[in-house]
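Below: the structure, in structure tokens.
Readers should treat all values here as calculations from the given coordinates under stated rules, not as data from a laboratory. This structure is a prediction, so every number in the text was calculated from the model and none was measured. Counting neighbours? That spans all protein chains shown, and the Cβs are built from the backbone with ideal geometry, glycine included.
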Amino acid sequence: MKRIVALFVAVLFAGTLLCGCASHKTELRHVVLNEVTRSVFYAPLYAAVSRGFFEDEGLELEIVTGGGSDASMTALLAHEADFALMGPETGVYVVNEGKKDHPMVIGQLTKRDGSFLISREPVEEFSWEQLRGKSVIAGRVGGMPYMTLMWVLDKNGLTPGTDVEIETGIQFNLMGGAFEGGTGDYVTLFEPTATAFQKNGSGYIAANIGLESGEVPYTAFMTTPEVLKDDPELAAAFIRAIARAQKWVWEADDAEIAEAMAPFFPDSSEEELAAVARSYRETDSWMKTPVMTEDAFSRLLEIMDFNGELTAPVEFDELVDNSFAEAAVKEIG
């Protein structure tokens, strides 16, 4: 009898140890990502969460919406976030300010401007000449939405500030509300807001700015030098999850992408999300891998220089660390 009891206790103890080990294995590390805004444009990010790719890497991702690249960079510099998703131009500004231990780009998410020009009236045949003498809510001076719009206006023979009035005093996440309130003849908005405006009659999509501006590293993931130096495996795990999601969105259909994004856009139907996902995929707006090219980076600097926002040239390797992205692509295949 004593032997039976002893055996039972031993088995119970071993089972407890095994359960403890299993619990330990499933314990996730909490990390914070500050995103510049909430947009269907960033579908691969949301898919990485809902499809469990971060969990597979042992990470529990908390996403905080900054409401502008400057806010996202501030959160990163203040160590309020482990990673930030924002325009890489913000990193150029930090380098130009002379900060040596500055955040680095470790992966690219989108490859062109994801915003749309919204008109107050329905537009059957749009031409940029229609903006002459009109006003546009364009976002913060120095931000990518603003700079790419200025680039497009110039390319179409319009001088910002002379031919077109540019409204820059409205915070990025308040631009849609300001337009609905009567400010401006046009506004630039991301999805799903652009489609929602058109659906409820608040505005009408006139042009896809990303198709007009061409390829540029529009949004990228950045992290601190502390993470890269002291916890490189965290950066590697994060980018592996993103790389898997980037591959997945190009293989999935529109309905599957919409389903993956739905938890992040409770006010949008899956039909609406599928439509905008199709639009971004058809316009080749998402990167297929997180690896940023030097050519794309050079285009970014060209647009910044055109806007008078480039204090001094920045070398590619000074701001971009492709090692994690390249390793992820090689590992995933």
Which residue, Leu319, Leu310, Leu174, tops the fluctuation ranking in a GNM of the chain built on C-alpha contacts under 10 Å?
Leu174
Suppose every Lys and Arg Cβ carries +1 and every Asp and Glu Cβ carries -1, with no other charges. What dipole size does the chain come out with about its Cα centre, to the nearest 20 debye?
1080 debye
Under 21 Å from the Cα of Lys247, which lysines turn up, not counting those fewer than eight places away in the same chain?
Lys111, Lys288, Lys330
From zero up to wherever the largest Cα-Cα distance of segment 129-206 sits, split into 10 Å bins and tell me the percent of pairs in each.
19, 54, 27, 1
Please find, in a Gaussian network model of the chain (springs between Cα atoms separated by less than 10 Å), the residue of Gly58, Gly107, Gly169 whose mean-square fluctuation is greatest.
Gly169
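Nearest 500 deg cm²/dmol is fine: what mean residue ellipticity at 222 nm does the chain get from its DSSP H runs of n ≥ 4 alone, each adding -39,500 (n - 2.57), divided by its residue count? Don't jump to the answer; show the numbers that get you there.
Values: 16 runs with 159 residues, N = 333.
So the calculated ellipticity at 222 nm is -14000 deg cm²/dmol.
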Inter-centroid distance (Cα atoms) of segment 108-187 relative to segment 67-81, Å
25 Å
Relative contact order %, segment 116-213, counting alpha carbon pairs below 8 Å whose residues are six or more apart:
48 percent
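List every DSSP H helix in the chain whose Cα atoms extend 24 Å or more along the helix's own long axis and whose mean Kyte-Doolittle hydropathy is at least -1.0.
2-26, 232-251
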Charge dipole of the chain about the Cα centre (unit charges at C-beta), most positive-ward option of Ser115, Ser269, Phe41
Ser269
Give me, ordered by chain and number, the residues 5 or more places off Gly139 or on other chains with an amide H under 5 Å from its own placed amide H.
Ile170
